[in-house]
Structures are given as structure tokens and as C-alpha cells.
Amino acid sequence: MHPALDNLSVLVYYITNTLDTGDLLLRLDEESGVPFYLQVVKQVQRMIASGAIAPGDQLPTVRDMASDLVLNPNTIAKAYQELEHRGVVETRRGLGTFARAPKTPVNDADRKAAISKLLNEVLLQAQEMGIEPDDVNALLKELIEERNDQRIVA
Amino acid sequence: MTKELLPNSAECEDSKAELVLPPAIKVDGLTKQFGRTRALNGVDLLVPTGSIYALLGRNAAGKSTLMQSVLGLLEPTSGSISVLGLNPMRDGLALRRRLGYIPEHMPMYEWMTIAETLRFVAAQYPVWSKAIQDDLVQRLRLPLSQKIRTLSRGQRALLTLVLAMAHEPELVLLDECTSGMDALAREDFDRSVIQLLQNSGRTVLFASHQIHELDRLCDWVGIIHQGRTLLQARVDDLKSQVKTLQVNDEQAELPGLTVLKRQTLGRDLLLTVRGDSSRYDWLPQSVVDVIDLRLEQIFVAIVGHEEERS
């Protein structure tokens, strides 16, 4: 990356939020048997997807998280590694771990593929419930009409 | 005889320094006889440097005897023990400078104040960090002028922690120190342990009945049963090897998986099984669910199975 742009991105990180473990309200379920690192991964991922953690926000340090959650620091480190592997966060040496923007499909083909996938799932579930694809189509038309009506009123 | 579950090299991509450095504690074939009682019957232990190691076992399984042998307080009947490269009986004095011990009840002079106790113990160590002591006392909010006999259980444990850590030991042994503590005191104590261990390269051996506590804190686990080592493994590896399967066919074939425990769930069976983690990649159709287990559940299944066999 161009050095000037690199400095700019560092500046942006300083302007955004540094999060406290308290801000994240991570809740560990001791009963479920789901590995702790995975619980942390899923909750952080969900918060980034929902926008509760904004791109560029700095996550708590491994040390702070481990201390606050009373977990082995290696477990937090593993969670951060997995989040980075999933492309959800990035670690910048010496600075910390930061949330990345959630990936959205850029081009038309990707968008179509993403929506097709969702629609196929709907049809599959309808089939399991004994609902015909034509009925799903009729239902979809109804919902679209409702949305259009709401827009006009609003 | 020891059954060792060590991760195979293919799984060790994130190679940890702990397996390259010499172990903090190495025990081989340790036996200890008290008159006619065999408290330890060939125990093996390998505590990697830098690890937080959970020592699990039922009451009277031999955990405390093992700990005391490691500390040089008991002489082995046979077998060898090496702690930080030293022989605990022969090199006891040198070793005690480098390790910290936090038992359930640390004997103290009840009439002394906290400040007096700290001064008293500090004088016995050639190297003692007043900076660490002061920082800990402040963070743990220990009332310096209060007498020991007026302290709560939690406060006593925290003071014991300070006494064990101020001389910056390389190895810390905790023996049932949170037993009998209420949940808040235990959380405070555990949090302090974590904060003290961060990036310090220290090794911790933690014997406790509060397995859910150890589940959160430890990377390695060793299970002692009737004076022998049942297994030693990374906690993560053990969890990938022992799971519960919900099965709807009694005759289901589960190759490579040993059944430790059987329960029924309506018309289905719940089988707690153990095997190489790769065995869970392909399971027969009769397996309708694979359930991850807590360390506590794994412990109960493994020890329960062992007791059934004998």
C-alpha cells in the first residue's frame, strides 16, 4: 500500500472507537459444551454483522478480554486468530485488533448468486412444510405489494 | 500404566514453544507407599513449560500426594521427579526460591497483621519484589493493618496468592485453593491468577474439584485415578476426541470409537464415546446428533468408565 494511504488508515483507526470488554457484553455459556473460543468468535462476528461493532472499531486486547471474562488468554488469542481467518477482523502489529467491514458482494453475478441461495433455501423449507412453490410465489407477490403500499403511505 | 493422548504432529500446526522447551515438571513411574497403602502406583506427569495444567481426579485419587512429592515434601518410594530441572528432595532450597505454592489452607500466624505477615515471609526469600507485592496488595484491596484471624476466606486466599507470587516464581502450584469459596471470591481469585500469568512464561499446575473453573483456565489436563495417570492431553484435543452421540439404532456400528457411557433419551441412545477426532468426520446415518462436552462431563465419563472396568 502507498505509504501516505497507510498513514491515513492508521489515523482513521485512532478516530474510531476503542471497545471495552464491558461494551461487548459477551456471555459465556458454561453448560453447552460449545468451546469457549468459538462462543467468543460467534458473538463478536454477530456484533460486527449487526453493526454493534463498526468497521475500524478496536476490540479489547487479548489480555483485557481474558481478565474480564476469566478465561485462559490462549483461548482469546485463538478466537482472534479464527476471526482473522474468517476475514472478520484484522490484527495490526503493535496497534491491536480491529473490526473489518462486513463483506458485501460487489458485482451483479455475486449479488444474484447470494439471493438465489437464499431463495432456494426458502423453497426447500416450504417443501418440507408441504407448501407448493406456486403458493410461495403467490405469497411473495403479496408481500411485495404490501411493501409498496407502505412506501406510498410513508 | 499410562495411557497418553498426545496430539499427533499433523494437528500441531500452531506449534507451541511449550513442546520445544524442557518440561516444567516431569514425573516418571512415581510410586508412594504409606505403610500398606499405595497412594501412588506408577504416576507419570509431563507439565509443559508455559502451560496452565489442570490436575483432575476423584478424592483420594492421589492428587495431593503427587503435589507434595513434586514440592519435595514427600520422598518417593520409587520413580523419578524433575521440577524445573531439579530434584525436589535434593535441591529443595534452590527449588523453593523458584516456585510458588498455594494450598487450600496456608498456615499463618493468626495474630499477625497482613503487613506483618508479608514482612515475615519476604525476609525468607533472597529475591522479593516489593513492587509486585505493593501492586498486588493494592489491586486485591487487602487491608494491611487487619489481623489474619479477621480475614474472610477469600481474603486469606488472595493473601496466599501474594505470598506465592511476589518472589516471581517460574512455577506455581495451586492445590484446591478455591474450594469452599463463594462464586464471587472465586472469580476474583481466578481473575488475579490470569492477570499474574499473562505473558510471564510461567507454568501453573492447578488441582481443583471445580472442573468448570479449570475448563476456562487450563490448556492441558491430566487425570489421576487410583494412583495412576489415566490420560494427559491438551484440553482442546480431548474435547475433539470425547463427544456424546445421539443414536437411533441400538445396533449402530461406531468404528474406532470406544463407548464410555450409555444413557437413553426416549427411544434414542446417548453414547459418550472416545476416539481419534477424525472418527467424527464420518458417522453412520443412525447418529442423529453430535454433542460437544464440557471438561466436567468428559471427566465423569472417563473416570466412570474406568471404575466400571475395575
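The values are calculated or read from the model by the stated rules, or taken from the named source; none is laboratory data. All values reported here derive from a predicted model rather than from experimental measurement. No Cβ is skipped: glycine too gets one built from the backbone with ideal geometry, and neighbour counts run over all protein chains shown. SASA here: full protein model, heavy atoms, side chains in, ligands and nucleic acids out. Shrake-Rupley method; radii C 1.70, N 1.55, O 1.52, S 1.80 Å.
Given the -39500 (n - 2.57) contribution per DSSP H run of 4+ residues, what per-residue ellipticity at 222 nm results for chain B, rounded to the nearest 500 deg cm²/dmol?
Values: 9 runs with 91 residues, N = 310.
After summing the helix terms and dividing by residue count, I get -8500 deg cm²/dmol.
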For residue B:32, the lysines lying under 17 Å Cα to Cα, once residues fewer than eight places off in the same chain are dropped, come out as B:63
Relative contact order in percent for chain B (Cα pairs under 8 Å, 6+ apart) equals 21 percent
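Once you average over the residues of B:215-224, how many Cβ atoms of partner chains fall within 10 Å of each Cβ?
Values: counts 6, 9, 7, 3, 5, 0, 0, 0, 0, 0.
Counting Cβ atoms of other protein chains within 10 Å of each residue's Cβ and averaging gives 3.
For a test of the definition: using alpha carbon positions, the gyration tensor, and the 1.5 limit on a/c, classify region B:104-217 as rounded, prolate or oblate. Working shown, then result.
Details: a/c = 1.77, a/b = 1.22, b/c = 1.46.
Oblate shape, in that a/c is at least 1.5 and b/c is the bigger or equal ratio.
Given the pairs A:112/A:141; A:103/B:243; A:117/B:243; A:78/B:243; A:42/A:103, which are separated by over 28 angstrom at their Cα positions?
Among A:112/A:141; A:103/B:243; A:117/B:243; A:78/B:243; A:42/A:103, the Cα-Cα distance tops 28 Å for A:103/B:243; A:117/B:243.
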Averaged over residues of A:29-35, the number of beta carbons from other chains lying within 10 Å of each residue's Cβ is 5
In this structure, the FRET efficiency calculated for residue B:33 and residue B:124 from their beta-carbon separation, with R0 = 30 Å, to the nearest 0.05, is 0.40
Taking a straight Cα-to-Cα line shorter than 20 Å from residue B:26, and setting aside same-chain aspartates and glutamates fewer than 8 residues away, one finds B:4, B:18, B:44, B:75, B:91, B:170, B:175, B:219
Under the rule rounded for a/c under 1.5, else prolate if a/b exceeds b/c, else oblate, using alpha carbon gyration tensor axes a ≥ b ≥ c, the protein assembly as shown is classed as oblate
Length gained, residue B:112-residue B:253, 0.36 nm per residue minus C-alpha separation, equals 44.2 nm
For the residue B:94, residue B:134 Cβ pair and Förster radius 25 Å, calculated FRET efficiency rounded to 0.05 is 0.40
Checking B:87, B:59, B:41 against a Gaussian network model of chain B (alpha-carbon springs below 10 Å), the top fluctuating residue turns out to be B:59
Mean separation of Cα contacts under 8 Å (at least 6 apart) over the residue count of chain A, i.e. the relative contact order in percent, is 18 percent
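Just checking the output field for B:184-191: average partner chain Cβ neighbours within 10 Å of each residue's Cβ?
Details: counts 0, 0, 1, 1, 1, 1, 3, 6.
Average per residue, whole number: 2.
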Which residues qualify? For residue B:224, with a placed amide H closer than 5 Å and at least 5 residues away or on another chain, they are B:56, B:57, B:230
As straight-line cross-link partners of residue B:147, the qualifying lysines (C-alpha separation under 30 Å, not fewer than 8 residues apart within one chain) are B:130
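Suppose R0 equals 41 Å. What FRET efficiency, 1/(1 + (r/R0)^6) with r the Cβ-Cβ distance, do residue B:267 and residue B:59 give to the nearest 0.05? Show your work: numbers first, answer last.
Numbers: r = 37 Å, r/R0 = 0.91.
That pair, residue B:267 with residue B:59, gives E of 0.65.
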With only helices counted (DSSP H, runs n ≥ 4, each -39500 (n - 2.57)), the per-residue ellipticity at 222 nm for chain A, to the nearest 500, works out to -20000 deg cm²/dmol
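Go through B:282, B:128, B:111, B:220 and list them by solvent-accessible area, largest first, probe radius 1.4 Å. The partial results should precede the final answer.
On the way: B:282 180, B:128 45, B:111 140, B:220 5 Å².
Descending accessible area places them as B:282, B:111, B:128, B:220.
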Rounded to one decimal in nm, the spacing of the 7 Å Cα→Cβ label points at residue B:146 and residue A:145 is 7.3 nm
Counting only backbone N atoms under 17 Å from a point 7 Å out along Cα-to-Cβ of residue B:309, the residues of region B:46-76 in range are B:57-58
